[in-house]
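S.K.: Take this structure, written in C-alpha cells, and hold onto it; I'll ask about it next.
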Amino acid sequence: MSKRKITGRRVAAVGIAVGILGLTGCSQGAADNRIEVELVSYKPEAVAAFEKIAARFNETHTDIRLKVDSPNEAMTILKTRFIREDYPDIVGIGGDINYSNFLDAGLFMDISDLPEIGQVKQSYLDMDKELEFIPQDGIYALPYAANAAGVLYNRDMFEENGWEIPNTWEEFNALCGEIQGKGMLPLYLGYKDTWTCLAPWNALAVGLADSDTCSQVNKGQTTFTEAYREVAEKTRALLDYAEPNPYAYSYNDACTAFARGQSAMYPIGSYAIPQIKSVNPEMNIGSFTFPANSNEEGNILNSGVDLQFCVMKDCGKKEAVYEVLRFLYEDETIQIYLDDQGGLTCKEGDFAIPAELEGMRAHIEGDRMADYQDHHYPSEMSVDAMIQTFLLDTGENSVDTFLARFDTDWERYNRDLIRKVQQYQKETEGAK
C-alpha cells in the first residue's frame, strides 16, 4: 500500500473491450524520424525524476526518442485509452490489483526474454506472480522501485530512554507498556483517513498470514475467518497504546504529531518520511520490521512494488522498448529515481539503503519480504473502511462480526473471479 490510494474501478469493461476489438499496436513514430517510445507513469509526484531520465536517454540515443507522461488520475486515463485502443508503449504502474486486472485482460507482453529480469530480487518477482488471478507462463512486469512498511521510531527518544528495538510481539507490548509508564505515548495512528488503517494491518499480516491468502480463499482452500483472526486481534491491540480517539486525527495530523515528538513510534510505511521531514527536517527517524510473531524468525518485512514497467502486448517496437527498459535499469538511472522519490530498488546490487530504513537492512538484504495484502483487495470492497468500522466496534463479538463480513463481502465482490479460478482448477486437475 502506498500513500497514493488507488481508487480506480476494476477494468472488466476494458477486458471486454480489448477482447472484442483486439490490440492494434502502440504509439506512432516521432516527427524527427527517431522511433518514439511512449511511457505513461501513474506517479505524477515523480515528474521531475522522469524528466531527468528522459532527457538523459534522449541525449544519448539518436535512433529512439523517449516520451514520458505522468498525468494526474493516470489510472483513469489509461483505462480510457485502452478502451479507445490508444495504447502507450510502456506503462509504469504499481504492483497491485490494477496490474492484476490489466494482466487478466491480456494487455501485457511477456518480457521474460529481457536480460534485466535476471537482476530483479526474487521477492518482487514472486509478488507479481501472486498477483496473477490465473497462473501465467512468463513474466509481464519489470519491478523497479519499492517501499517498505513497519514501524518508524524516534531515534533520539529511544537513545535518551535506553529503549531497545523489539524483536517479538511480546517485546513490542512490553516496550509500549514501558513508554506509557513514563507518561509518554507509544504510538500515533491517525485513522481519520481510512486508508491509514491498512498500514499496521498490512505490516502485521505479512508475518501472520500466508502471502497468497487471497488466492487460497479464491480456490476454496481457506477463509479469511481462519487466516486473519490473529491479524485482526493484534491490529485492535494497538489501540491500547495509541492516542485517544485516533479516528479524529488524519494522516497529516499523525505525521505532524510524530514529527513533533508526541509519540515514540508510528506504524506506517517509508512513504510517510518526506511528509514527516517536511514538519521536522532534522528529525532522527529509525525503523524496524513489525515484530508480529513470538519468534523473530517469523517476522517478515512488508514491502511492495511501488513502480514497475509493463510493455503493451503486440507492440511493434519491441527492440526500441527493450532498449528503454535496459536504460531504465542501469544503476545510474535507478539512482536518479531513488534520489528524487526515496524508497528501495527492486534490483539486486549495491544500492544505498536510506538511513531511515537502516533498521530493516537485514530483511531487505536477506530478501525476507512479502507484499501488502491489500494489493489483492478489490477497491469496491473498501477494506480500509471495514477495518475502521471493526476497530470502532466495542462489542464482544466484534472480531467474529468483522471476519464474517470480510468473507461475505469478498465473495460478493469477487464472485466472477472465484468462479473463474475454480473452473481453472477443475480443468487443470482434469488434465492430469
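No lab work stands behind these numbers, since they all come straight from the coordinates. Owing to the predicted nature of the structure, the values given are computational and were not obtained by experimental measurement. In this analysis, Cβ positions are derived from the backbone assuming ideal geometry, glycine residues included, and neighbour counts consider all displayed protein chains.
S.K.: Set the Förster distance to 51 Å, then compute FRET efficiency between A237 and S112 from the Cβ-Cβ distance, nearest 0.05.
M.R.: The value I calculate is 0.75.
S.K.: Here's something else I'd like to know. Would you mind computing the Rg to Rh ratio of the chain from its alpha-carbon coordinates, Kirkwood style for Rh?
M.R.: Result: Rg/Rh = 0.97.
S.K.: For segment 339-347, what does the Karplus curve 6.51 cos²θ - 1.76 cosθ + 1.60, with θ = phi - 60°, yield as ³J(HN,Hα) per residue in whole Hz, taken in order and with x for Gly and Pro?
M.R.: Rounded to whole hertz, the list is 4, 8, 10, x, x, 10, 8, 8, 8.
S.K.: Using just the alpha carbons, could you tell me how many Å³ per residue the convex hull of segment 220-350 encloses?
M.R.: Numbers: hull volume 28.7 nm³, N = 131.
Convex hull of Cα atoms, per residue: 219 Å³.
S.K.: Hey, with R₀ at 35 Å, roughly what FRET efficiency would R229 and V279 work out to, going by the Cβ-Cβ distance, to 0.05?
M.R.: Working: r = 37 Å, r/R0 = 1.05.
Taking R0 as 35 Å, the efficiency between R229 and V279 is 0.40.
S.K.: Here is a further query. Could you give me the ³J(HN,Hα) list for segment 293-307, computed from phi with Karplus coefficients 6.51, -1.76, 1.60 and θ = phi - 60°, whole Hz, x at Gly and Pro?
M.R.: Once rounded to whole Hz, the list reads 10, 7, 10, 4, 4, x, 7, 10, 6, 7, 9, x, 6, 7, 8.
S.K.: Note down the nm distance, to one decimal, between modelled labels 7 Å out along Cα→Cβ at E358 and at R326.
M.R.: Reported label-point gap for E358 and R326 is 3.8 nm.
S.K.: Just flag the trypsin sites (Lys or Arg not before Pro) in segment 64-114 sitting in loop per DSSP whose Cβ has no more than 11 other Cβ atoms within 10 Å.
M.R.: When the trypsin sites (Lys or Arg not before Pro) of segment 64-114 are filtered for loop state and at most 11 Cβ neighbours within 10 Å, R84 remain.
S.K.: Also: Mean separation of Cα pairs under 8 Å and 6+ residues apart, divided by the residue count of the chain: what relative contact order is that in percent?
M.R.: On the way: 731 pairs, mean separation 111.6, N = 432.
It comes to 26 percent, rounded to a whole number.
S.K.: Also: Would you mind computing the Rg to Rh ratio of segment 243-291 from its alpha-carbon coordinates, Kirkwood style for Rh? List each step's numbers first, then the result.
M.R.: Details: Rg = 10.6 Å, Rh = 11.3 Å.
Looking at segment 243-291, the ratio lands at 0.94.
S.K.: Could you pull out the longest piece of the chain with no exposed loop GluC sites (Glu not before Pro) in it, calling a site exposed if DSSP puts it outside H, G, I, E, B and it has at most 16 other Cβ atoms within 10 Å?
M.R.: My reading of the result: 165-281 is the longest stretch.
S.K.: With each pseudo-label sitting 7 Å past Cα toward Cβ, what's the Y247-I134 distance in nm, one decimal?
M.R.: 4.2 nm
S.K.: Still on this structure, I have one more. Could you calculate, for segment 306-368, the ratio of the Cα radius of gyration to the Kirkwood radius, expressed as Rg to Rh?
M.R.: 1.06
S.K.: Amide H neighbours of D210 under 5 Å, counting only residues 5+ apart in sequence or on other chains, H built in-plane at 1.01 Å?
M.R.: Amide H neighbours of D210, under 5 Å, 5+ apart: none.
S.K.: Quick check: pseudo-label points 7 Å beyond the Cα along Cα→Cβ at I77 and D340, how many nm apart are they?
M.R.: Spacing of the two 7 Å Cα→Cβ label points: 1.5 nm.
S.K.: Still on this structure, I have one more. Would you mind listing how long segment 311-432 runs along its three principal axes, going by Cα atoms, in whole Å with the largest first?
M.R.: 54, 46, 29
S.K.: Something else about it: For segment 116-265, report the % of Cα-Cα distances exceeding 20 Å. Mind dumping the intermediate values first?
M.R.: Values: 6660 of 11175 pairs.
The answer is 60 percent, as a whole percent.
S.K.: Across every pair of different alpha-carbon atoms, what Kirkwood hydrodynamic radius in Å does segment 91-155 reach?
M.R.: Here the Kirkwood hydrodynamic radius works out to 13.1 Å.
S.K.: So what is the calculated 222 nm ellipticity per residue for the chain, using -39500 (n - 2.57) for each DSSP H run with n of 4 or more, over all residues, to the nearest 500 deg cm²/dmol?
M.R.: Details: 19 runs with 187 residues, N = 432.
The helix contribution divided over the chain gives -12500 deg cm²/dmol.
S.K.: In degrees from 0 to 90, rounded to the nearest 10, what is the angle of the helix 47-60 Cα long axis to the longest principal axis of the chain?
M.R.: With both axes taken from Cα atoms, the answer is about 40 degrees.
S.K.: While we're looking at this one, here's another question. In sequence order, what are the phi-derived ³J(HN,Hα) couplings for segment 369-382 according to the Karplus relation 6.51 cos²θ - 1.76 cosθ + 1.60 with θ = phi - 60°, rounded to whole Hz, with x for glycine and proline?
M.R.: Once θ is set to phi - 60°, the couplings for segment 369-382 become 9, 8, 6, 5, 4, 6, 5, 9, 8, x, 4, 4, 6, 6 Hz.
S.K.: A further question on this structure: Would you kindly give the portion of the calculated P(r) for segment 44-120 that falls above 17 Å, as a percent of all Cα pairs?
M.R.: Beyond 17 Å sits 59 percent of the P(r) for segment 44-120.
S.K.: I've got another one for you. What order do you get for D212, D416 when you list them from fewest to most C-beta neighbours inside 10 Å?
M.R.: D416, D212
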